[in-house]
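Asks: The structure that follows is given in the form of structure tokens.
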């Protein structure tokens, strides 16, 4: 994973210091700045990119990894822009709920910055978005209930999207770890938004209380369905969990979230992306 | 703790023995019929009043260089979580609303599903049932129960996040991924119950400046859960 040419030209003491701090960061030490971003990824080429030029970051990562990170970045741009707009629209979010969405916005903005730093010059540009989805949600920024619904759709889809990409990051352990760390934050977001909407934080069957077509897409199967089942799935690793536990389908289906393939995620997000 | 299914006729053993009438009332408050067994091991007779379960005392060693070891690590943590909710829900938890009790019940059910799934997946490679000890927790008080649940769920998230890269099999990585996001939903739910509609559901104490949740190595997780596990675990 490390580019020997890059390391050969750098003071080895720097890498020693960086790797020591990486260990501290993995234990949750507070950090800041772009160097911290690189260190959090624990990828020396990425850390060096922050100290040197953007070129290091892009050339150090294989194309398939770059593609996964750009996919993630696209979704984070979507969420970040959505919350920047929503939180910035006075009168939309009631004061009682504002702290929740400010925290979510803070995280999505941070995810964008993190992925941009990881990708360097290989980062895709921010698309143009239409959060009405071509008129499907005309009042997304004037009706709080609509805003909440779209938020939940984004968060639950984001969880499924990251989960679906995890196997593609196995060749880069520290990037995989960072993706998992984002993935669980999206799950916290999803749970909280669901609770604001009067639902359980977890997904029982395919319950989302979203408009029918959106609900079916967000909680439905991916492609192929055998690898990307719908959220009401009750069989894991070939084990029928209802038979195993004698529980009903509801707790069994809720105990596991399901991944979604990239194409199906992009089909869900597509209506919101203009260019 | 005996594994496998249990019958409703197994006597319930708690700090304050419930009469048949109060047990019916307890179950009525939870909104379920008195004949329903809530969880497979919930009323296991072999748990004593302090929640210390009798089981083997032999130390457990995890080889985290193998997927079996990593899955057993996850199984150990799920055993701990499941046992906690099972034990907590044997008590009348003062200060809890019915919706909060219902959340604890569902979370406990999920943890039992996780535990039983991992046990089945590991088969003969599964570590034994761990002895646990929740005597340091006041399971009759809402704040104590939820604060402890918060620690378990947050630690579970960090543990799975830290263990993902240790897995060699993509299949196991996906399964771990399917579980960890549910643990994160649990954590957010508990945190929201403790401080509703605040930023705590994904607070700055667990989510850093990059928007990343914690990821802890097994060597950092095991000391955190050590106070609640009697069976020695080394990795």
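The values are calculated or read from the model by the stated rules, or taken from the named source; none is laboratory data. Keep in mind it's a predicted model, so treat the numbers as computed, not measured. No Cβ is skipped: glycine too gets one built from the backbone with ideal geometry, and neighbour counts run over all protein chains shown.
Asks: Would it be correct to say that residue A:221 is assigned to a loop (DSSP other than H, G, I, E, B), modelled with pLDDT of 95 or more and more than 20 Å from residue B:169 (Cα to Cα)?
Replies: Spelling it out, residue A:221 is indeed assigned to a loop (DSSP other than H, G, I, E, B), modelled with pLDDT of 95 or more and more than 20 Å from residue B:169 (Cα to Cα).
Asks: More than 15 Å from the chain's Cα centre (by Cα), assigned by TED's automatic domain parsing to the domain that holds residue A:194 and over 24 Å from residue A:217 (Cβ atoms): does that describe residue A:172? Steps first, answer last, please.
Replies: Numbers: more than 15 Å from the chain's Cα centre (by Cα): yes; assigned by TED's automatic domain parsing to the domain that holds residue A:194: yes; over 24 Å from residue A:217 (Cβ atoms): yes.
Yes; evaluated as a whole, the condition is true for this residue.
Asks: Condition test on residue A:115, is it in contact (Cβ under 8 Å) with a residue 40 or more places away in the chain, crowded, with 24+ Cβ neighbours inside 10 Å and assigned to a helix (DSSP H, G or I)?
Replies: Numbers: in contact (Cβ under 8 Å) with a residue 40 or more places away in the chain: yes; crowded, with 24+ Cβ neighbours inside 10 Å: yes; assigned to a helix (DSSP H, G or I): yes.
Answer is yes for this residue.
Asks: Name the one entry in A:186, A:192 that is in contact with a helix residue (DSSP H, G or I) (Cβ under 6 Å, 6 or more places away or on another chain) and under 28 Å from residue B:168 (Cα atoms).
Replies: Details: A:192 fails: under 28 Å from residue B:168 (Cα atoms).
None of the others qualify; the one that does is A:186.
Asks: Search segment A:241-267 for residues being more than 10 Å from every other protein chain (Cβ to nearest Cβ) and within 27 Å of the chain's Cα centre (by Cα), and hand back the single one that is surrounded by the most Cβ atoms within 10 Å (Cβ to Cβ).
Replies: Checking each candidate, the answer is A:260.
Asks: I would also like to ask the following. If you check A:270, A:238, which single one turns out to be without any contact (Cβ under 8 Å) to a residue 60 or more places away in the chain, more than 30 Å from residue A:126 (Cα to Cα) and surrounded by fewer than 20 Cβ atoms within 10 Å (Cβ to Cβ)? If you could, list the steps in order and put the result at the bottom.
Replies: Working: A:270 fails: more than 30 Å from residue A:126 (Cα to Cα).
Going through A:270, A:238 in turn, just one is without any contact (Cβ under 8 Å) to a residue 60 or more places away in the chain, more than 30 Å from residue A:126 (Cα to Cα) and surrounded by fewer than 20 Cβ atoms within 10 Å (Cβ to Cβ): A:238.
Asks: Next question, about the same structure. Taking segment B:183-227, which residues are facing chain A (nearest Cβ under 7 Å), closer than 30 Å to residue A:94 by Cβ and part of a helix (DSSP H, G or I)?
Replies: B:184, B:185, B:187, B:188, B:189, B:192, B:199, B:201, B:202, listed by residue number.
Asks: Filter segment A:74-102 down to the residues that are surrounded by fewer than 23 Cβ atoms within 10 Å (Cβ to Cβ), within 9 Å of chain B (Cβ to nearest Cβ) and under 23 Å from residue B:212 (Cβ atoms) and list them by number.
Replies: Of everything in segment A:74-102, those that are surrounded by fewer than 23 Cβ atoms within 10 Å (Cβ to Cβ), within 9 Å of chain B (Cβ to nearest Cβ) and under 23 Å from residue B:212 (Cβ atoms) turn out to be A:99, A:102.
Asks: Applying the selection to segment B:158-182, what residues are within 16 Å of the chain's Cα centre (by Cα), within 9 Å of another protein chain (Cβ to nearest Cβ) and closer than 19 Å to residue B:62 by Cβ?
Replies: Of all residues in segment B:158-182, those within 16 Å of the chain's Cα centre (by Cα) come to B:158-160, B:176, B:179-182.
If we keep only those that are within 9 Å of another protein chain (Cβ to nearest Cβ) too, we end up with B:158, B:160, B:176, B:179-182.
Within segment B:158-182, B:158, B:160, B:176, B:179, B:180 qualify.
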